[in-house]
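Here the structure is laid out as structure tokens; the discussion comes afterwards.
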Amino acid sequence: MLCAQGLELTLSGAGGPPSAHLSFHWNQPATLIQSLKSGLESSIGFTFRLYELRRTPWPFRGDRLVMQKTVTRTAYWDPLDGTFVVEQDDGTRRAYPDGAALLDAFFTVSQVLLSPTSSVRGRSLYTMARAQFEPVRLMPPLTLVSMVGATGSVATPWIRKDLP
Amino acid sequence: MRGPADRAAFAENTSRGVIALILLYLVLIGIIIAFSRTFITTLAGASPSAATIALVVALAVPIALFAVALFQIIRLLRGRSAGQAAAGLRLQLLLFFILIAILSAGPQAMLGITFVNSAMGTWFSSSIGSSLRGAITMAVGYQRERQDSLSAFMDGPLLPRFVADFTDAPLDTWREIQGANSGIGAFQIFNVNGTEVAFQGDVRARLTGPQETNGKEDRENVTILRQSRTISVGGKHVTAVASALLSADLRVNVRALSQSLTVFTSLDQYGQLFRRVLVAFFFLFSLPLFLITILVSLVLSQRIISPIAHLEDATRRVAEGDFGFRVLTRPRDELSALVDSFNGMISELDRSRRKLLQAEKITAWQEIAQRLAHEIRNPLTPIKLSAQRVLKKYDDGAADFDKVLRPAVGSIITEVENLERMLREFSELARLPVPKPAAVRLRELLVEVASVYKNLSSAVLIDLSDVSESLVINVDRDQLKRAFANLFTNAIQAMPSGGSLTARADLVKKSHTVFCRIAVSDTGTGIPDADLDSIFDPYFTTKKNGTGLGLAIVQRIVFDHKGNVWAESDGSTGTTFFIDLPIETPGGPTA
């Protein structure tokens, strides 16, 4: 397990297709819950990249990107049902009755299948992952204020783990 | 010091650099405008580091433009202080462009900022927020009220009777149920096995089993609230399920209200900062345009003024005697016709000047030949007469031959010596070599000249106290010594009964050149006004034994040093000769 700046990446799937599990740690959960209840929204994006290690005399070419997957989520408070809702970029919504359940679901993405093509199977592969978290998701043109760091957006560095 | 040609080349290179910088910025602006929607939308998605880099890049261009503009303005101001050609006009053009830019951008900026402020204040006022929250509260209250109503019905005392009657007479009982609670949209009874016994109402609320009975169910077009209760009727347990149907619009509208509230809350929290960032963005984009206006005005004015400055420079060079100078211009330059005319005029002027010089030279030599012939002829007469007289006495065998011989031969020798002296001085005047300047302490030079004359005439007081000992000038020492010797000779000869000879030296500035002005004054008989204009002409003299070449030599030496010499006299109480010698560099003399 690797851990860097509040981000944990775990790989699993021995024998089968590999899958990734990414968990982001945010040190101000109470502030986030309060912000959501006040009517603001929050979003987080998890990005996974699968690379093939390329041993080449031309190191500037870098390794080959095999696949990339991004999962984006938005969290908000549903006043009608009195629940927290996490909406994924594919449109699926899930409601959570309390903050703890919300945080667990919002900051964790599991079973992200890293399905390398047959051409690279058996070669040296590794995964890079990072999270970009916006405690307050703003609508344009208010997004301008994010340029001056007012929303406290966080982008973790890329963390790497080799595929077994 | 940078010459006009260097300045022009530097300005040309600077202009190209400025134009390249402006084009780069305009391309950047074009890209931002073309992708402005994407830019603003994806701004939040950018990582903080990327946003920082973008901010630095966005700041770098205005800073670079500001630096270039500042440099150009400072150059312009310095040029104006140094009296550079047309710098004042360029400054006026610059101020005009700045004024136009402010007049065009200022009202737009004020209008834009005022509009944003008033729009945010009006569209997102606190009353809007209260309305949104109130609407959401009402929607939530409405749903809760329906839920509570449903619960009250299911917990009410009438339910057992309705359940008992519902199996036998479902339609009549359904009417009674709706009469008791109009909010119920469907009523359904399941037996203990979970099999439906009876159903009435909206079919969308119909269940396949009692296990799905509690809570809320959102469907595509409807939201269903359900409440169930198991009761015993006639010794049998049945489960009654009552449903209330809410329009899906409620859910959709509450979500829309929530999203509006999200925007409102965002504005409420970040509106003030947003305004500041907006103003900063405005200046981030408008300031470079303002600076570009300044740079464009500088470049344009440079292009307009440059040919005029070249003409001014060329005129000055021609005035200084450089007739070989020509102004170069671009073939398509609007002022090329003027420049061509100027160059043609200079060529014609040069030709005329050469012809004039040639004619002057011929005239001068003719005049000198005539004067020389005259000066040589003058002593020839007494020589001839003396020789004829001696010869006659000798031929006549005159007794007083011995008495006549000596004065006659003496007269011949004197005249021949005068002729020799005159020819020597003429030779000196004609053969004065090109000056070889070197650093000379003027005071020492004058003292050296004066020491000769102090011995010759003790009646004349020579005062050199007004010549600084530290004053150093670049002159040909021997030539200047000869010039001062001639002046001192004239001064002493003008004071046969004694007097004072004074020399002083000062630094004076004429136009852009600094001169060392040396004044040699005597208290002699003075020079009549009528003679003042002729005293420097060769062979002009008022003295009995003068050659008339002394002051001509002085003038020639001073002219060869690119200086000037003139005399002032009141005609009776003395004469002052002034010599101006140019100082090549400001650091040349040390006074």
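General remarks:
- Segment A:38-81, residues that are β-branched (V, I, T) and either more than 26 Å from A:F133 (Cα to Cα) or within 11 Å of another protein chain (Cβ to nearest Cβ) (or both): A:T47, A:T56, A:T70, A:T72, A:T74
- Selection status of A:T127, touching a Lys or Arg at 6+ places or on another chain (Cβ under 9 Å), assigned to a loop (DSSP other than H, G, I, E, B), surrounded by 15 or more Cβ atoms within 10 Å (Cβ to Cβ) and not charged (D, E, K, R): no
- Exclusive hit being closer than 30 Å to B:K562 by Cα and at pLDDT 75 or above, set B:L338, B:L311, B:L391, B:L380: B:L311
- Strands (runs of 3 or more DSSP E) lying entirely in segment A:1-114 (those with 3 or more residues that are under 16 Å from the mean Cα position of the chain (by Cα)): A:2-4, A:7-12, A:19-24, A:41-52, A:64-78, A:83-88, A:108-113
- Consider segment B:256-269 and keep the residues that are closer than 30 Å to B:T223 by Cα and within 8 Å of another protein chain (Cβ to nearest Cβ). The one that is farthest from the chain's Cα centre (by Cα) is B:S258.
- Residue check, B:I74 away from chain A (no Cβ under 14 Å), part of a helix (DSSP H, G or I) and at pLDDT 80 or above: yes
- Condition met for B:T575 (farther than 23 Å from B:A459 by Cβ, touching a helix residue (DSSP H, G or I) at 6+ places or on another chain (Cβ under 9 Å) and assigned by TED's automatic domain parsing to the domain that holds B:D463): no
- Flag for B:I128 being within 14 Å of chain A (Cβ to nearest Cβ), buried (at least 18 other Cβ atoms within 10 Å of the Cβ) and of a type in the set (A, V, I, L, M): no
- Taken over segment B:300-323, residues that are surrounded by fewer than 19 Cβ atoms within 10 Å (Cβ to Cβ) and under 30 Å from B:L65 (Cα atoms) amount to 4.
- Looking at segment B:198-269, the strands (runs of 3 or more DSSP E) lying wholly inside it that each contain 3 or more residues that are in contact (Cβ under 8 Å) with a residue 24 or more places away in the chain and surrounded by 15 or more Cβ atoms within 10 Å (Cβ to Cβ) sit at B:222-233, B:236-247.
- Considering only residues in segment B:23-37 that are aliphatic (A, V, I, L, M) and closer than 15 Å to B:L284 by Cα, the one that is modelled with the highest pLDDT turns out to be B:L26.
- Flag if B:V299 is out of contact with any Phe, Trp or Tyr (no Cβ under 9 Å at 6 or more places or on another chain) and within 14 Å of another protein chain (Cβ to nearest Cβ): no
- Subset of segment B:213-223 (residues that are under 18 Å from B:F190 (Cα atoms) and modelled with pLDDT of 80 or more): B:G215
- Picking from residues in segment B:302-331 that are of a type in the set (A, V, I, L, M), part of a helix (DSSP H, G or I) and in contact with a Phe, Trp or Tyr (Cβ under 8 Å, 6 or more places away or on another chain), the one that is nearest to B:M120 (Cα to Cα) is B:L311.
- Contact annotation: residue pairs with Cβ atoms under 7 Å, 6 or more positions apart or on different chains, pairing a residue in segment B:270-295 that is within 12 Å of chain A (Cβ to nearest Cβ) with a partner that is small (G, A, S) and part of a helix (DSSP H, G or I), are B:F282/B:A109; B:F282/B:G112; B:L284/B:A58.
- Of the residues making up segment B:54-85, those that are farther than 24 Å from A:V145 by Cα and over 13 Å from the mean Cα position of the chain (by Cα) number 4.
The values are calculated or read from the model by the stated rules, or taken from the named source; none is laboratory data. Just so you know, these numbers come straight off a predicted model, no measurement behind them. All Cβ positions, glycine included, derive from the backbone under ideal geometry; neighbour counts span all protein chains shown.
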